[in-house]
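Nothing in this text is a laboratory measurement; each read-out follows from the coordinates by a stated rule. Every value quoted in this text rests on a predicted model; they were computed, and no experiment measured them. As a convention, Cβ positions derive from the backbone with ideal geometry for all residues, glycine included, and neighbour counts pool all protein chains shown.
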Amino acid sequence: MVDAMEHRTTDTEMSDLTATPPPPPRVPDDNSNVRELLTLARQLTNQGKPSQALQAVVMAMRTKGGDQAVFHSLNRARELYLKRLQENTAVNQLASLFAECAIAEAQPLQAEQTPLNVGASSPSAEPDVHVNSILAETGRTQIVLDAFSDGSSFICLQCGGLVSNHRKDEHYAHWCGKL
């Protein structure tokens with residue numbers, strides 16, 4: 001009898017154990033979701049997928065602060081972008097101005113007329129490069145300014161042409177029409 005009684009107890013205990021539901025699966029909180037989304041965004045950025053990375057960031061912002069947070073953040077990003085764009089435009093205009101000054105300084109000065117060279121013009125006296133160059137004639141003066149300002153090219157003082165520093169000797173030997 002004792003054995004039967006023990007057997008019933010264990011059956012009762014077992015039925016109690018089976019009747020108790022297992023704990024619910026752990027639901028991650030918002031902070032861990034946000035962390036995962038931002039980690040995903042970094043991975044996508046490293047993989048060269050900026051649009052998908054932006055979508056992950058927007059989802060993270062929406063999880064944490066709703067649509068209002070997304071709107072606020074994207075509006076702020078747009079304002080910063082426009083401000084930087086305006087600053088870059090101002091910097092580019094200033095760089096162009098400096099390049100124009102450098103080109104003007106590189107242009108030969110008109111030779112003074114002396115009794116020995118009356119009626120003769122100096123071979124180095126040329127009109128403004130902006131008027132004389134093919135690039136300027138086709139509306140691409142900025143190319144001349146950029147090439148001169150970055151040091152990759154020079155303005156030939158003889159013909160006023162824009163010449164690559166690597167082709168200087170060839171230019172003077174074969175192409176410069178004023179030599």
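Over the Cα atoms of the range 30-102, what is the Rg over Rh ratio if Rh follows Kirkwood? All intermediate terms of the calculation are to be shown ahead of the outcome.
Details: Rg = 18.0 Å, Rh = 14.5 Å.
When Rh is taken as the Kirkwood radius, the ratio is 1.24.
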From phi via Karplus (6.51, -1.76, 1.60), per-residue ³J(HN,Hα) for the range 166-177 in Hz, x at Gly/Pro: 6, 10, 4, 4, 4, 4, 5, 6, 10, 10, 5, x
Applying a 10 Å radius around every beta-carbon, put 67-80, 150-163 in order of their mean neighbour count, most first. 150-163, 67-80
Determine the shape class of the range 60-103: with a ≥ b ≥ c the square roots of the Cα gyration tensor eigenvalues, call it rounded for a/c under 1.5, and otherwise prolate if a/b is greater than b/c, oblate otherwise. prolate
